[in-house]
Amino acid sequence: MKKASCAFILFLLLAMTSSNNANAFPEYQAWSQKHSKRTVNCAMCHAHGDGPEGSKPGQMDTLDADAQKRLEVARGAEKPGVHADNPILNEFGNYIVFKLGLEQVYKMRDDPSQLKQALGEESDHDGDGISDGEEFEDGTHPLNNQSGAPWKLFIQNLQKKWVMVAIILFIAITSLFGFKHLLRYSSKVD
Amino acid sequence: MVKSNFFKQCLEFVSERIPVEKISYEAMVQKKSVPHHKMSWAYYLGGLTLLFLSIQFITGILLLFYYQATVSDAHSSVEHITQYVGGGDLIRNLHAWSSSLMILCLILHMMTTFAMKAFQRPRELTWITGVVLLLLTFALGFSGYLLPWHQIGVNATKVGLQSIELIGAYLPGELALLPTKIKEIIQGDSMVEQATLSRFFALHVVVCPILLLGILGFHLFSIQLHGMSEGVDHPTGKSEKFFPTFILKDLRVWSVVFCAAFITALCIPFDSFSPFPLLAPYDALGSTPPGIKPEWYFFFIYYPLELLPFWLIALLQNLLLAILFLAPWIFKNTSRKALFLITLVAAIYFFGITIFGQDLYNLIMGVHS
């Protein structure tokens with residue numbers, strides 16, 4: 001009888017701790033890192049770079065009552081389309097849950113390469129011109145417009161800032177023209 | 001008698017290196033010429049270094065208007081500059097890109113100067129001030145790396161400062177404590193904290209630039225006094241006037257290079273080459289992300305440090321420094337051909353380890369594990 005009650009208490013404790021578990025999906029991080037050969041950490045989707053477990057800002061142990069409530073609501077977002085403001089996730093993490101739903105996120109753990117296609121081309125949270133899905137593949141941050149594959153950023157920024165590029169090219173060409181004529185003039189004077 | 005001879009020799013040495021009688025508009029501007037030969041392109045490298053230094057000064061002053069040198073605000077102020085200040089990302093990227101390009105030009109300038117034997121009598125002081133300028137530029141790079149107070153900057157600074165302390169283990173007696181003292185003076189605290197940031201900020205924006213400007217002034221003055229070195233064994237006899245011909249050609253190169261640097265800074269954020277976890281604000285309690293490295297121009301010493309015993313690298317580093325300072329006397333009778341070969345080997349090592357250092361490291365560590 002004593003053994004049975006101990007086992008029941010242990011079961012309850014396990015159930016309680018598992019309900020407080022952060023349900024992180026490190027498979028996505030591992031895949032992104034392997035695919036991009038860049039260092040990637042939990043900050044890609046989570047509020048804290050070390051992930052959801054812990055007692056630092058943006059982690060489980062620091063959540064106040066309101067944040068706990070939001071976390072509970074977010075955990076119920078099984079299907080897509082739920083605006084869950086999960087306090088342990090960042091904007092990109094919350095968008096993944098909104099777009100796919102937790103059920104789909106859970107299923108895709110076995111093949112995170114599907115995430116890019118599932119998110120589509122239209123979402124670009126940092127506005128750097130590289131879609132969030134592509135940034136996930138490249139191992140760069142979807143919420144930081146200074147983080148991106150350098151060549152892709154070059155192409156995107158060249159298209160966006162072509163006026164400035166054209167102005168500086170014009171200045172350089174006219175300077176070259178001017179210096180060429182000054183050189184000619186100085187050689188004539190000599 | 002011996003004393004007066006010594007002073008006489010000293011005076012002769014200085015007067016030959018700083019020939020004040022040549023200070024005239026005619027000698028320094030009107031009659032100054034630049035030799036024309038197959039290595040003439042190397043004469044533009046010093047000017048390019050100066051161009052990037054000027055960009056550094058202008059962009060650095062602009063960044064000062066917004067940057068906050070406190071542990072709590074440094075990272076957010078840099079983020080504010082990049083994300084919210086109009087043109088802030090361009091200025092910051094231009095500062096970062098031009099610092100790297102300046103060091104690249106400086107290293108190439110030094111290599112070509114060495115290969116052309118432009119350090120020989122009476123240009124020894126010009127060479128020595130050049131070596132000091134290189135070290136000051138490295139100091140600027142090292143101190144500037146900490147200022148954004150991000151993971152990579154703070155952790156790389158910690159590693160750099162720790163390596164100073166390690167030298168103590170190889171010094172005898174009381175001297176063994178000296179490196180730790182030096183480290184503490186630079187650090188200003190028991191660990192890399194606010195005092196370190198304040199000191200590095202002061203070094204980066206006041207101390208190093210003032211020293212650099214002073215020494216650069218002497219370096220340029222000395223070049224003007226002695227004129228350009230011939231640089232080759234068999235001069236062609238052709239030359240062009242320094243003013244206005246060479247200056248105008250120099251300005252032509254400057255406009256092309258500035259245009260390229262501007263477009264690069266506009267379109268490619270310098271931070272895009274670093275993994276994003278390394279650019280997060282430094283968190284003393286959080287885990288250190290992998291991949292902490294110094295800037296690329298320290299790779300020539302960083303990878304050997306990772307692979308070889310510290311004492312060996314410290315020894316080689318000091319030997320290299322001594323060779324650099326004493327080059328005009330060590331290589332006094334060395335032919336330009338031999339100097340060219342030495343430079344080639346040094347260049348292959350420097351650029352090889354900078355580009356392939358990580359692959360080499362992985363290969364060697366992979367073999368060992």
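The values are calculated or read from the model by the stated rules, or taken from the named source; none is laboratory data. Quantities reported herein were computed from a predicted structural model and do not represent experimental measurements. As a convention, Cβ positions derive from the backbone with ideal geometry for all residues, glycine included, and neighbour counts pool all protein chains shown. Protein only, heavy atoms only, side chains kept; ligands, DNA and RNA dropped before computing areas. Shrake-Rupley method; radii C 1.70, N 1.55, O 1.52, S 1.80 Å.
Key figures for this structure:
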read-out: The lone exception for B:Tyr67 - which of (1) open to solvent by less than 30 Å² (accessible area, probe 1.4 Å); (2) hydroxyl-bearing (Ser, Thr, Tyr); (3) over 30 Å from B:Leu225 (Cβ atoms); (4) under 25 Å from the mean Cα position of the chain (by Cα) it fails; value: (1)
read-out: Residue within segment A:161-171 that is of a type in the set (Val, Ile, Thr) and modelled with pLDDT under 95 present; value: no
read-out: Every residue from segment A:38-58 that is within 10 Å of chain B (Cβ to nearest Cβ), assigned to a loop (DSSP other than H, G, I, E, B) and in contact (Cβ under 8 Å) with a residue 40 or more places away in the chain; value: A:Arg38, A:Thr39, A:Val40, A:His48
read-out: Matching option when the condition is of a type in the set (A, V, I, L, M) and either closer than 30 Å to B:His36 by Cα or open to solvent by less than 30 Å² (accessible area, probe 1.4 Å) (or both), among B:Leu251, B:Leu178, B:Leu211; value: B:Leu251
read-out: Candidates A:Asp110, A:Asp128, filtered to the one that is surrounded by fewer than 17 Cβ atoms within 10 Å (Cβ to Cβ), within 28 Å of B:Leu278 (Cα to Cα) and touching a residue at least 24 places away in the same chain (Cβ under 8 Å); value: A:Asp110
read-out: Test result for B:Pro19, open to solvent by less than 30 Å² (accessible area, probe 1.4 Å), more than 27 Å from the chain's Cα centre (by Cα) and within 27 Å of B:Leu134 (Cα to Cα); value: yes
read-out: Unmet requirement for B:Met365, which otherwise passes all of (1) hydrophobic (A, V, I, L, M, F, W, C); (2) surrounded by fewer than 13 Cβ atoms within 10 Å (Cβ to Cβ); (3) within 30 Å of B:Pro122 (Cβ to Cβ); value: (3)
read-out: Enumeration of residues in segment A:37-50 that are small (Gly, Ala, Ser) and open to solvent by 30 Å² or more (accessible area, probe 1.4 Å); value: A:Ala47
read-out: Failed condition for A:Thr140, given (1) facing another protein chain (nearest Cβ under 7 Å); (2) surrounded by fewer than 18 Cβ atoms within 10 Å (Cβ to Cβ); (3) touching a residue at least 12 places away in the same chain (Cβ under 8 Å); value: (2)
read-out: All positions within segment B:22-35 that are out of contact with any helix residue (DSSP H, G or I) (no Cβ under 6 Å at 6 or more places or on another chain) and either open to solvent by 80 Å² or more (accessible area, probe 1.4 Å) or among the acidic types (Asp, Glu) (or both); value: B:Ile23, B:Tyr25, B:Glu26, B:Gln30, B:Lys31
read-out: Some residue of segment B:308-326 being surrounded by 14 or more Cβ atoms within 10 Å (Cβ to Cβ), in contact (Cβ under 8 Å) with a residue 12 or more places away in the chain and touching a Lys or Arg at 6+ places or on another chain (Cβ under 9 Å); value: no
read-out: Selected residue (criterion: nearest to A:Arg38 (Cα to Cα)) from residues of segment B:271-297 that are within 21 Å of the chain's Cα centre (by Cα) and open to solvent by 40 Å² or more (accessible area, probe 1.4 Å); value: B:Phe273
read-out: Residue that is farthest from the other protein chains (Cβ to nearest Cβ), among those in segment A:61-81 that are open to solvent by less than 20 Å² (accessible area, probe 1.4 Å) and out of contact with any Phe, Trp or Tyr (no Cβ under 8 Å at 6 or more places or on another chain); value: A:Ala74
read-out: B:Leu266 vs. criteria within 9 Å of chain A (Cβ to nearest Cβ), more than 30 Å from B:Leu147 (Cα to Cα) and open to solvent by less than 40 Å² (accessible area, probe 1.4 Å); value: no
read-out: Positions within segment A:179-190 being open to solvent by less than 90 Å² (accessible area, probe 1.4 Å), facing another protein chain (nearest Cβ under 8 Å) and not small (Gly, Ala, Ser), in sequence order; value: A:Phe179, A:Leu182, A:Leu183
read-out: Out of B:Gly217, B:Gly286, B:Gly291, sole residue that is out of contact with any Ser or Thr (no Cβ under 8 Å at 6 or more places or on another chain) and either touching a residue at least 24 places away in the same chain (Cβ under 8 Å) or within 10 Å of chain A (Cβ to nearest Cβ) (or both); value: B:Gly286
read-out: Test set (1) open to solvent by 50 Å² or more (accessible area, probe 1.4 Å); (2) at pLDDT 90 or above; (3) not in a helix (DSSP H, G or I) - A:Glu122 fails condition number; value: (2)
read-out: Matching residues in segment A:150-178 - criterion: being surrounded by 20 or more Cβ atoms within 10 Å (Cβ to Cβ) and either free of Cβ contacts under 8 Å to residues at least 24 places away in the same chain or more than 8 Å from chain B (Cβ to nearest Cβ) (or both); value: A:Ala172
read-out: Yes/no for B:Ser76 being surrounded by fewer than 18 Cβ atoms within 10 Å (Cβ to Cβ) and within 30 Å of B:Asp283 (Cβ to Cβ); value: yes
read-out: Yes/no for B:Thr49 being within 26 Å of B:Cys267 (Cα to Cα) and either in contact with a helix residue (DSSP H, G or I) (Cβ under 6 Å, 6 or more places away or on another chain) or modelled with pLDDT under 95 (or both); value: yes
read-out: Condition met for B:Gly173 (over 30 Å from B:Gln224 (Cβ atoms) and modelled with pLDDT under 95); value: yes
